[in-house]
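Just below is one structure, and these are the notes that go with it.
The values are calculated or read from the model by the stated rules, or taken from the named source; none is laboratory data. None of the values given here were measured: they were computed from a predicted structure. When we count neighbours, we look across all protein chains shown, and the Cβ atoms used for this are built from the backbone with ideal geometry, even at glycine. The protein model used for the area step is the full one, side chains on, heavy atoms only, and it has no ligands, DNA or RNA in it. Shrake-Rupley method; radii C 1.70, N 1.55, O 1.52, S 1.80 Å.
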Amino acid sequence: MESDNSAGFTYLGRNFSNLSVNDHSSAFSDCNSDRSGEFPSASSESRRLLLSCASENSDDLIRHLVAHLDSSCSVDEQKQAAMEIRLLSKNKPENRIKIAKAGAVKPLISLISSSDPQLQEYGVTAILNLSLCDENKDLIASSGAIKPLVRALKMGTPTAKENAACALLRLSQVEDNKVAIGRSGAIPLLVSLLETGGFRAKKDASTALYSLCSAKENKLRAVQAGIMKPLVELMADFGSNMVDKSAFVMSLLMSVPESKPALVEEGGIPVLVEIVEAGTQRQKEIAASILLQLCEESVVYRTMVAREGAIPPLVALTQAGTSRAKQKAEALIEFLRQPRSGVTSNGGRSSQL
């Protein structure tokens, strides 16, 4: 599988490498387990009993609960078992391993396809919790979880959609799963969640898309699904708390040629220039990196960026930015001050678009 995480080029004898911004660890945080609140059907008494039993004899309890996930049991029994498995797997990694080894994965996946919205939500949440354990990821994927999770992403409750996005993120951390998830139709659904979901949904969707789009074919899928529109909108809203995440996703997509006209069409240039002028230091660096990749082969885009007033904030960035931001700002200024130069690194004429 082809993975594409970096960008670089040579212009007028100078090499500009490491254009992508790699300091994303604080912008993206892994989805945590069980953030949907306690299930209302779980009484305080039953929860205390469950956790008491789990601390003393969890193996027997887990086997009992897995047996009650079977389709021969009533829906209420399945819900109770799934809820309790979700509680057991909430905070204890050792329980996640035990539950998977006890055979819970396949029946939980079956619950994800349930027509009962609550049962589906319980199944998704339990699978999310189990996927937090690295040892379980291959088992979950090989047991057929990807397509049901994608269906939940499309048709589930708001909580099921959010937790399905998180579970797909966790599975995508295994490289071989990235393309499989993309080919299962997850990308357009994550783009839709990024555009229409609440804050948590947007955060989860952007993190999943960032992980999935390290695979080249998923980048193209994201662009074709219209990802530039929500990315530009979120980057334009400094109060969204999504500027960094959206910019990192956009930076990752810039190695796909189709991303550049899509970015321009959605009004991305003035937004990026504003970020260079008024964003945080990290945001300024990401925006400069995106603009540099946009302009590297297009005289038209250089002219548009220059006319938007990018040079003064870029000059300021060369004086007060991080070392990487200064490098990118200097390279971009060099482009913008020679907007009619179409010379590429191979001595030919660059593309106008």
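Key figures for this structure:
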item: Residue in the range 210-221 that is under 21 Å from Leu272 (Cα atoms), buried (at least 21 other Cβ atoms within 10 Å of the Cβ) and aromatic (Phe, Trp, Tyr) present; result: yes
item: Members of the range 128-172 found to be more than 13 Å from Ala208 (Cα to Cα) and acidic (Asp, Glu), listed by number; result: Asp134, Glu135, Asp138
item: Val249 open to solvent by 10 Å² or more (accessible area, probe 1.4 Å) and assigned to a helix (DSSP H, G or I); result: no
item: In the range 137-184, the residues that are modelled with pLDDT under 95, assigned to a loop (DSSP other than H, G, I, E, B) and over 16 Å from the mean Cα position of the chain (by Cα); result: Gly156, Thr157
item: Residue check for Ile290: farther than 21 Å from Val232 by Cα, part of a helix (DSSP H, G or I) and in contact with a Leu (Cβ under 8 Å, 6 or more places away or on another chain); result: no
item: Inter-residue pairs, beta-carbon under 6 Å, first at positive phi and in the range 86-113, second in a helix (DSSP H, G or I), 6+ apart; result: Gly103/Val66
item: Search result, residues across the range 82-96 that are under 25 Å from the mean Cα position of the chain (by Cα) and either among the hydrophobic types (A, V, I, L, M, F, W, C) or assigned to a helix (DSSP H, G or I) (or both); result: Arg86, Pro93, Arg96
item: Output for the range 195-209, where each listed residue is without any contact (Cβ under 8 Å) to a residue 40 or more places away in the chain and open to solvent by less than 10 Å² (accessible area, probe 1.4 Å); result: none
